[in-house]
1. Is the range 425-436 home to any residue that is farther than 19 Å from VAL91 by Cβ, aliphatic (A, V, I, L, M) and surrounded by fewer than 21 Cβ atoms within 10 Å (Cβ to Cβ)?
2. Check THR62 against each of (1) buried (at least 24 other Cβ atoms within 10 Å of the Cβ); (2) of a type in the set (Val, Ile, Thr); (3) without any contact (Cβ under 8 Å) to a residue 24 or more places away in the chain and name the one condition it does not meet.
3. Please work out if THR406 is more than 30 Å from ARG228 (Cβ to Cβ) and assigned to a loop (DSSP other than H, G, I, E, B).
4. Need the failing condition index for ALA176 against (1) under 26 Å from the mean Cα position of the chain (by Cα); (2) closer than 29 Å to GLY274 by Cβ; (3) of a type in the set (Gly, Ala, Ser), just the number.
5. Does the range 460-519 hold any residues that are β-branched (Val, Ile, Thr), farther than 28 Å from ALA52 by Cα and surrounded by 17 or more Cβ atoms within 10 Å (Cβ to Cβ), and which are they?
6. What pairs can you find where one residue is in the range 31-43 and within 21 Å of CYS281 (Cβ to Cβ) and touching a residue at least 24 places away in the same chain (Cβ under 8 Å), the other is part of a strand (DSSP E or B) and of a type in the set (Phe, Trp, Tyr), and their Cβ atoms are less than 7 Å apart, with a gap of 6+ or different chains?
Amino acid sequence: MVPPKDAPKLIVAISVDQFSADLLAKNRAYFTDGFARLLKGAVFPSGYQSHAATETCPGHSTILTGYRPANTGIIANSWTDQATPRPGKSVYCAEDESVPGSSASNYTVSAKHLKVPTLGERMKAADPRTRVVSVAGKDRAAVMMGGHNVDELWWWDGKAFASYAGRTEPAVVTRATAATTALLAMAQPALEMPAWCASRDKAVSIGGDKTVGTWHFDRAAGDTRAFRASPAYDAAVIALAAGLIQDMKLGQGPATDIISIGASATDYVGHSFGTDGAEICIQLANLDATLGGLFDILDRTGVDYEVVLTADHGGNDLPEREITQGITEAQRVDVALAPAVMGKSIGEKLGIATPLLFGDMPNGDVWISTALTTEQRKTVLAETIARYKAMPQVATVLTGKQIAATPMPKGPPETWTVIQRARASYDPTRSGDLLVFLKSRVTAIPVAGTGYVATHGSPYDYDRRVPILFWRKGMTGFEHAGSIETVDIAPTLARTIGLPVPGVDGKCLDLGAQGSPCR
């Protein structure tokens, strides 16, 4: 590979977890710092995580590979593998379940399930002098953007910054862990609320005396859950990224380097408080400042760097608030739709005692027990399809055979049918026997107030649409209203450095002379 003379020396790929296109549209006029800078570059406000599996792991697997989940193999955050000896049969997307003694909650982080290389791995294969770094709030974000062959890969595990087993911890990571631990040990006073957030500072009842919508991120010392769902979480992760850039002198070597950064707090805030209250508004205002600080540090290095920012998926607000806004179809899912509950009911009717169905609450994959005879499976499949289709909250039920027989979709992602969206994240070796999709605005959380109140994971555009923003010093800014896909990011960045990426699902986007000319 001979990179072009104007190739950037450092690629910075940022994912803001659950940063939907709707969130950008609602808040972009108020950004003054990091987001504001990116909005002066190449702006694609209607990017798509085009597949149906709008979860963190599948979404992150598309950003720097150029492949949809059907090809990355990352069909969900977790899936059922009935051949595994562990109870529950659940396999996490970023684990090595073959490690003795591992479980779904106590696992060894690994990239073994990612079937394709990341851009960083391709860069390192073309020029071993390339440094590949990945940092995130979540292990699955760091893994899916970093990949198998990385120089440094770190995430916050709740107690410290952690990495793949057996890796030496550099001093900058030790310092970051110490600083984050000290921050977590201190109480956090309420954060200042920007004036533009005031209209959203309204309490929404989620049952009993519990409300959301008005928290300003004050927390008690040691409250790890509140810390994770706060601007301080992103600040800690991005501070480590900045430290690695400085200590490793990324972008100052003989080859182009790449760092991916997963900012995870917006997702935790969205799940915990919804996407339209004071919490998300304060979170985005602070993230804007934090990103601005990162870019200031990069500017001071004098390195020619290129930035892309996107998201792994969008998100839907909590139904209790949506109903007050006139979204009458908003509701919470009936617990009877949970595969375990549905399977038990079917088993009682058919006189079969073994667990029949596996999977999380739809939207998504449902697996039928492989312990059944061929005739039993046929009967259970028919009964399961009939029951789900009869449920008023269910939009559609698709069999694996139907999805597998569907060609991989082409054309604008907003025109794809639901089965085409499902095909884009279907892997016959991992996906369910059935995919059950709820109707639009049905939140797949049965009861609010016991944990998360809002979520994502549907095949609908509020979960699929994400912004894609490119920026590089000197580039001519523009905005393109048409739809593109997150799988277009990797080939676009690759073209900037003259790296061929044959066979990917995405296409190169023309960003102009100082961006990525696709010629």
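The values are calculated or read from the model by the stated rules, or taken from the named source; none is laboratory data. Predicted, not measured: the structure shown is a model, and the values here were computed from it. Note that each Cβ is placed from the backbone with ideal geometry, even for glycine, and that neighbours are counted across all protein chains shown.
1. No, because not a single residue in the range 425-436 is farther than 19 Å from VAL91 by Cβ, aliphatic (A, V, I, L, M) and surrounded by fewer than 21 Cβ atoms within 10 Å (Cβ to Cβ).
2. (3) is the only condition that THR62 fails.
3. Considered against the rule, which asks whether it is more than 30 Å from ARG228 (Cβ to Cβ) and assigned to a loop (DSSP other than H, G, I, E, B), THR406 comes out as yes.
4. (2)
5. Looking only at the range 460-519, we keep the residues that are β-branched (Val, Ile, Thr), and these are 466, 468, 476, 484, 486-487, 489, 492, 496-497, 501, 504.
Add one more test, that the residue is farther than 28 Å from ALA52 by Cα, and what stays is 476, 496-497.
Correct list: THR496, ILE497.
6. Filtered contacts from the range 31-43: ARG37/TRP471; LEU38/TRP471.
Each row is one residue, and each column tells you yes or no for (1) more than 14 Å from LEU23 (Cα to Cα); (2) modelled with pLDDT of 95 or more; (3) not in a loop (DSSP other than H, G, I, E, B).
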position	(1), (2), (3)
ALA242	yes, yes, yes
GLY253	yes, yes, no
GLY270	no, yes, yes
ILE280	no, yes, yes
PHE295	yes, yes, yes
ARG300	yes, yes, yes
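Okay, residues lined up against (1) out of contact with any helix residue (DSSP H, G or I) (no Cβ under 8 Å at 6 or more places or on another chain); (2) of a type in the set (Ser, Thr, Tyr):
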| position | (1), (2) |
| --- | --- |
| LEU191 | no, no |
| CYS197 | no, no |
| ARG200 | no, no |
| ALA203 | yes, no |
| THR214 | no, yes |
| ARG219 | no, no |
| ALA236 | no, no |
